[in-house]
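See below for the structure under consideration.
The values are calculated or read from the model by the stated rules, or taken from the named source; none is laboratory data. Since the model is a prediction, treat every value here as computed from it, not as a measurement. Virtual Cβ from ideal backbone geometry, glycine too; neighbours counted across all protein chains shown.
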Amino acid sequence: MNKVLKVVLIVILTTIILTGITYAGIKIYEEIKGQATMTPVYTSKISSIDNNKVWVGTFNLVWNDFMNDVIGKEILFEDGYSELANELNKQTFTTKELAENSYFKIHGNANIELKNKIEDGIKEKFNEKSKIIDKFNWKLNDNSYILYAMLKKEFNYLEEFQRLEDDTFGNSEENVKYFGIKSRVIDEARKNIEILFYDSEEELAIKLKTKEGDEIYLFKTSGENKSFEENYQEMNVRKKSEI
């Protein structure tokens, strides 16, 4: 059995930039703590509890590196079977699925040298800083590892969306900022949108187009207890059936 005495995991989704409107510093650790849970892999079920689920593929990538470079085979926890580790050990998401210029990943013993490498690496690649790394003890023992991953992706839509009126979202009491297309208005921003299918207000999917060629899918469904992968596959099947 492979024994890892202590592993510290850090995952950050740093910045998303949209044409005309910037939402910078979307930090999972700071902004959605208590409002969402991290899903380790896109094969994990996402409807087992009633709150938001977030999956960031870069964590899968640094887990793969740690598993291959340090452990040499599947990672097992000392205190018994872990569904999380079991899913991650399958390595279903790899660097083939994500553009190299979108992520930074590194692993190593928890020491100041690694902290410096992280700071220098994200500064050089993204011109970013990380506040989270200062929250950890970097003088741990040799059996303590830190797996660090950062994702930064910039999306620029073909045309700028209109700013809409601020309003609440879900069960929130505070207003949030909205952008989109006003009903019955001829707008160049309609070029950004492709409707994949629309069966009802609860069953629909659209694709947002970007200047970079990336495709952003928004899929709303009443189906439950499915993974990101299963939802994506279902969306593609239903999209083809509409053609």
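Before moving on, here are some points about what is shown:
- Residue that is surrounded by the fewest Cβ atoms within 10 Å (Cβ to Cβ) [pool: residues in region 177-198 that are farther than 19 Å from LEU164 by Cβ and in contact (Cβ under 8 Å) with a residue 24 or more places away in the chain]: PHE197
- Residue within region 230-242 that is of a type in the set (Phe, Trp, Tyr) and assigned to a strand (DSSP E or B) present: no
- Flag for GLU173 being among the acidic types (Asp, Glu), at negative phi, outside the structural domain of SER227 (by TED's automatic domain parsing) and modelled with pLDDT under 85: no
- Failed item in (1) of a type outside the set (A, V, I, L, M); (2) surrounded by 12 or more Cβ atoms within 10 Å (Cβ to Cβ); (3) in a helix (DSSP H, G or I), with LYS209 passing the rest: (3)
- Selection from region 212-243 of residues that are of a type in the set (S, T, N, Q), in contact with a Phe, Trp or Tyr (Cβ under 8 Å, 6 or more places away or on another chain) and surrounded by 15 or more Cβ atoms within 10 Å (Cβ to Cβ): SER227, ASN231
- Residues that are touching a helix residue (DSSP H, G or I) at 6+ places or on another chain (Cβ under 7 Å), more than 27 Å from ASN236 (Cα to Cα) and among the aliphatic types (A, V, I, L, M) number at least 3 in the following strands (runs of 3 or more DSSP E) confined to region 90-204: 144-154.
- Verdict on ASN171 being in contact with a Leu (Cβ under 8 Å, 6 or more places away or on another chain) and of a type outside the set (D, E, K, R): no
- Selected residue (criterion: farthest from ASN231 (Cα to Cα)) from residues of region 182-219 that are among the polar types (S, T, N, Q) and over 26 Å from the mean Cα position of the chain (by Cα): SER183
- Candidates are the residues of region 122-142 that are modelled with pLDDT of 90 or more and over 20 Å from the mean Cα position of the chain (by Cα); the one that is surrounded by the most Cβ atoms within 10 Å (Cβ to Cβ) is LYS123.
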